[in-house]
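Chemist: Quick one: structure below, then a few questions.
Each value in this text was obtained by applying a stated rule to the coordinates, not by laboratory testing. Keep in mind that what you see is a predicted model, and the values were worked out from it rather than measured. Note that we place each Cβ from the backbone using ideal geometry, even for glycine, and neighbour counts take in every protein chain shown.
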Amino acid sequence: MNNQDNNTDLFHSELVRFLTESQEMRIAAKSSLKHSLWAGAGAFAGAMMLGPVGGLVGGVAGSVAGFLQSDPYDGAVLAIIKIQGQQRQVR
């Protein structure tokens, strides 16, 4: 393995560690999944009933429903920005 492969493996393992250990990331992932399921279900239902236009309308309606049903959470970018200085360093 060359140095670039070692760096890639290191960054990948650090990313996986961050995603599994960060409570904020867990909340963001769980809430994002719920929100996307609402949007996808709405798009699917709309497309089944009215075709492509129904998919568009259903997707928007599902997204609004997901927004209304979701818990407040910060996305991944804000979770990463909130990390304190030393924790930002790759181990």
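Chemist: For a quick check: sort K34, K82 by the number of other beta carbons within 10 angstrom, fewest at the front.
Modeler: Fewest-to-most Cβ neighbours within 10 Å comes out as K82, K34.
Chemist: On to the next question. With N set to the number of residues, divide the alpha-carbon radius of gyration of the chain by 2.2 N^0.38 Å and report two decimals.
Modeler: Cα Rg divided by the expected 2.2 N^0.38 Å: 1.51.
Chemist: Mind giving me the FRET efficiency for H12 and L37? R0 is 35 Å, r the Cβ-Cβ distance, nearest 0.05 is fine.
Modeler: On the way: r = 27 Å, r/R0 = 0.77.
Calculated transfer efficiency: 0.85.
Chemist: For the chain, what does -39500 (n - 2.57) per DSSP helix run (n ≥ 4), summed and divided by total residues, give at 222 nm, in deg cm²/dmol to the nearest 500?
Modeler: -26500 deg cm²/dmol
Chemist: OK, next. Extending each Cα 7 Å along its Cβ direction at T20 and L56, get the distance between those two points in nm, one decimal.
Modeler: 4.4 nm
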